[in-house]
Amino acid sequence: MSETQYLSRPDGTRLAYCATAARRTDKPGILFCGGFKSDMTGTKAMALEAAGRQQGLGFVRFDYFGHGQSDGAFLDGTIGRWKEDTLAVLREVCVGPQIIVGSSMGGWLATLAALALPDRTAGLVLIAPALDFTEDLMWAGMSEQQRAVLLRDGILREPSQYSDQPYEYTLKLITEGREHMILKPGIAYDRPVRILQGMEDPDVPYMHAVKTVAAFQGGDTRLTLIRDGDHRLSRPQHLALLTETVLGLSR
């Protein structure tokens, strides 16, 4: 396992990351972007790190502001802030072009980073990608009562099936997220894109992945639907598919 290091940001906070140096400099590296309130020690990140090391590929995983081992309060985070974190790691930690792998919210941030720095990317692998989720999945899925609480208190707390701690959504997350919407205008990205999506995902419905693949305007965009797949896609067979997909692009 790679040693945790820290990248200083202009505001004095630090981002935690782990980087594996490449032995194959003729191949793109891999940058992993985790999901909402997850961290860089998750199953998918660790499986890809091990696979990348076997193949001699550079690999970087990191924690966004307010996540995992990085500085900051989670509730102060926004899509724009986490996008800038991703770009900072891509610019300052990664070496050469990267296959950016994004899980859930990380799929949105990976795509935003690829659009901002296309020459630093070799392709995208998106796992249950939650592009535009603050509006299309979160705000659109709230009841009138939930919206009223959020507008009144500036924060909404909901039970999480993944943790004893509730999910916490701020009004700022919703309103700031509207500045980064990319599905409706379409996504002009000309490198390979692979999307893996479970059809039994309760958090990101598979029809959202269908909408996402339709938004990409490049020719080499492929969607793989997994009939029994959930949101995490962390079962052994799903990790094998993810690894095969990422290594396939690296070749």
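Look through Val60, Val89, Val95, Val125 and report the one residue that is assigned to a strand (DSSP E or B) and either out of contact with any Gly (no Cβ under 8 Å at 6 or more places or on another chain) or closer than 19 Å to Gln5 by Cα (or both).
Only one candidate passes the filter, namely Val60.
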Farther than 25 Å from Thr134 by Cβ, without any contact (Cβ under 8 Å) to a residue 12 or more places away in the chain and either of a type in the set (A, V, I, L, M, F, W, C) or in a helix (DSSP H, G or I) (or both): does that describe Ala240?
-> yes
In segment 163-183, what count of residues is obtained for those that are more than 17 Å from the chain's Cα centre (by Cα) and either modelled with pLDDT under 95 or within 17 Å of Thr121 (Cβ to Cβ) (or both)?
-> 7
Which of the residues that make up segment 174-192 are in a loop (DSSP other than H, G, I, E, B), touching a residue at least 60 places away in the same chain (Cβ under 8 Å), touching a strand residue (DSSP E or B) at 6+ places or on another chain (Cβ under 9 Å) and not hydroxyl-bearing (Ser, Thr, Tyr)?
-> Ala188, Arg191, Pro192
Residues within segment 140-173 that are part of a helix (DSSP H, G or I), touching a residue at least 24 places away in the same chain (Cβ under 8 Å) and in contact with a Gly (Cβ under 7 Å, 6 or more places away or on another chain), tallied | 0
Output the residues belonging to segment 193-235 that are assigned to a strand (DSSP E or B) and in contact (Cβ under 8 Å) with a residue 40 or more places away in the chain.
-> Val193, Arg194, Ile195, Leu196, Gln197, Gly198
Restricting segment 94-141 to residues that are hydroxyl-bearing (Ser, Thr, Tyr) and within 17 Å of Asp203 (Cα to Cα), the one surrounded by the fewest Cβ atoms within 10 Å (Cβ to Cβ) turns out to be Thr134
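The values are calculated or read from the model by the stated rules, or taken from the named source; none is laboratory data. Fair warning: this is a prediction, and the values are worked out from it, not measured in the lab. A quick note on method: Cβ atoms are made from the backbone with ideal geometry, for glycine too, and the neighbour counts reach across all protein chains shown.
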